[in-house]
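The values are calculated or read from the model by the stated rules, or taken from the named source; none is laboratory data. Note that the coordinates shown come from a computational prediction; the quantities given were computed from them, not determined experimentally. Note that we place each Cβ from the backbone using ideal geometry, even for glycine, and neighbour counts take in every protein chain shown.
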Amino acid sequence: MLEALTAALETAGLVWLGLTVLVAGIVYGFAGFGAALIYMPVAVVFLPPAVAIAAFSVSALSSFFTVVPKALPLVDRKGVSILIMSATIAASVGFWVLSRTDVTVIRWVVVIVCAVTLLALIAGWRYSVEPNTVTRAGIGLATGFVGGVSGLLGPIMVLFQLAGRDRVAVTRATTIVFLTVTSLLLLPLMYLQGLLTLTSVLLGLLFLIPYGLGTLVGQALFVPDRERFYRLVAYAIIAAATLAGLPLWDSV
């Protein structure tokens, strides 16, 4: 236990990671997503992907006390439950792939998927059918798989939400509940596949305070009536994260 704590405290770039977690929390509290998109590109510079994912999943637990209570009454509980269950199932497969595939290949796939879907949204794409159980299950499976592989639970599910016609407050609430609950469920899955270490858990506990503080600040900044501004910020976050995630920067 003491050795694991020492290892966590001696993590390279710990201060930068803490600041990144704080910013990620602010964005998450405001937009309802984007935390992992901001955190992961920085975290994998200092940490192995599995450690980065596990630590962030632990830090995300603070959301149960900061932003989830206000978000929960706004969501379609049946719909979000389908998303959570299907994403959790697919995440196990994603973790398996993560442990056996070259990280650079996976990063390219994720970047391409995010870029294509973002361009579709900017172009004004909207789905014309009412989301049903099958649609939500498919989105959840895709989201969970990508989340398990890359630590990015948000992109596919968030893009699906933004392409719909829900009120901005409902979209934000749905993503908050989905991302927070699913992040919690990832921890036992990682443990079963041998990807969860005591050091990563302790590192996540160190991030609980800055992340929780950030979500509270972000929540205070959220104004439901400013939907256009909200969507522009959301698109900008996805675009910036997509660029930051390009493997091309590794050689710079």
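What to note about this one:
- Test result for Val42, modelled with pLDDT under 90 and more than 15 Å from the chain's Cα centre (by Cα): no
- Scanning segment 96-116 for residues that are closer than 17 Å to Leu195 by Cα, surrounded by 14 or more Cβ atoms within 10 Å (Cβ to Cβ) and basic (Lys, Arg) yields nothing.
- Each residue in segment 55-77 was checked for being over 20 Å from Ile156 (Cα atoms) and either buried (at least 24 other Cβ atoms within 10 Å of the Cβ) or touching a Leu at 6+ places or on another chain (Cβ under 9 Å) (or both), and 9 of them qualify.
- Lone unmet requirement of (1) touching a Phe, Trp or Tyr at 6+ places or on another chain (Cβ under 8 Å); (2) at pLDDT below 85 for Leu232: (1)
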